[in-house]
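Student: Take a look at this one; I'll ask things after.
Here, each number is a calculation from the coordinates, and none is a lab measurement. Keep in mind that what you see is a predicted model, and the values were worked out from it rather than measured.
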Amino acid sequence: MSIVALKDVSFRWRTGPPLLQIADFAVAAGERVFLSGPSGSGKSTLLGLIGGVLTADSGSVRVLGESLGELSAARRDALRVDRIGFIFQMFNLLPYLSVRDNVALPCRFSARRRERATANGIGVYAEAERLLGRLGLDDPALLDRRVTELSIGQQQRVAAARALIGQPELLIADEPASSLDADARANFLELLMAECRAAGSTVVFVSHDRSLAARFDRQVALLELNELARQRTT
């Protein structure tokens with residue numbers, strides 16, 4: 001079964017030229033896919049379409065059995081908070097909340113995520129602290145600090161823990177390790193993949209760093225997937 005399935009999808013920003021034209025792209029349940037491409041090639045835009053943040057101009061985008069083009073904005077938001085963990089490139093953390101509260105945030109809006117986060121008999125905050133510890137933020141002094149007081153690398157890991165809480169069926173990650181050095185990046189990715197395997201999450205992971213690709217089931221180059229990009233390079 002495909003968790004993600006795009007067919008004849010095109011997208012353009014309102015004031016710009018066409019950016020994406022994808023004939024066929026699918027991700028199977030439990031698959032971990034590495035999506036690569038240079039800056040400006042449309043990687044974040046593609047993730048926005050898969051996550052329901054953006055809507056295609058034409059074609060079909062099906063995610064977790066739902067046709068996103070047929071859903072209202074509110075229903076797309078509900079699907080994302082209930083069933084998708086999204087690590088945004090700019091993190092999108094709430095600056096007025098603590099580290100702990102930022103990670104627990106999806107469970108405030110989704111009963112489904114809250115139930116899955118507490119399935120082992122622990123509370124939401126305990127699960128948030130477990131995930132933070134797994135991702136290298138195990139200093140208790142950090143938990144009640146505002147995220148704006150953390151380094152960029154630390155904020156990136158907070159964003160990852162927030163995406164993972166409640167065992168989402170699909171994890172979408174947009175350059176989630178770009179602010180980490182090589183050793184920290186490898187360790188972060190190992191722990192991220194371990195949490196996704198434990199949750200049974202399907203993963204779509206974007207990065208320009210192809211050295212990370214070996215850790216995934218499949219590598220896809222956006223320049224080959226996107227018909228418009230192929231036309232520009234031929």
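Student: Extension gain residue 109-residue 74, at 0.36 nm per residue separation less the Cα-Cα distance, in nm? Could you put the intermediate results ahead of the total?
Tutor: On the way: separation 35, 0.36 × 35 = 12.60 nm, distance 1.27 nm.
Contour length minus Cα-Cα distance gives 11.3 nm.
Student: If the chain were replaced by its equivalent ellipsoid, with semi-axes equal to the square roots of 5 times the Cα gyration tensor eigenvalues, what would those be, largest first, whole Å?
Tutor: Sorted largest first and rounded, they come to 29, 20, 16 Å.
Student: While we're on this one: Rounded to the nearest 500, what is the 222 nm mean residue ellipticity of the chain from helices alone, with -39500 (n - 2.57) per DSSP H run of 4+ residues and division by all residues?
Tutor: -11500 deg cm²/dmol
Student: Sticking with this structure for a sec: For a test of the definition: using alpha carbon positions, the gyration tensor, and the 1.5 limit on a/c, classify region 3-54 as rounded, prolate or oblate. Numbers along the way, then the final one.
Tutor: Details: a/c = 2.01, a/b = 1.59, b/c = 1.27.
Judged from the Cα gyration tensor, region 3-54 comes out prolate (a/c at least 1.5, a/b above b/c).
Student: If you don't mind, another one. Take the alpha carbon gyration tensor of region 1-93, find the square roots of its eigenvalues, order them as a ≥ b ≥ c, and report rounded if a/c is under 1.5; if not, report prolate when a/b exceeds b/c, else oblate.
Tutor: It comes out rounded by the Cα gyration axes.
Student: May I pose another question? Taking square-rooted eigenvalues a ≥ b ≥ c of the alpha carbon gyration tensor, is region 39-78 rounded, prolate or oblate, where a/c under 1.5 means rounded and, failing that, a/b exceeding b/c means prolate?
Tutor: On the way: a/c = 2.13, a/b = 1.76, b/c = 1.21.
Prolate.
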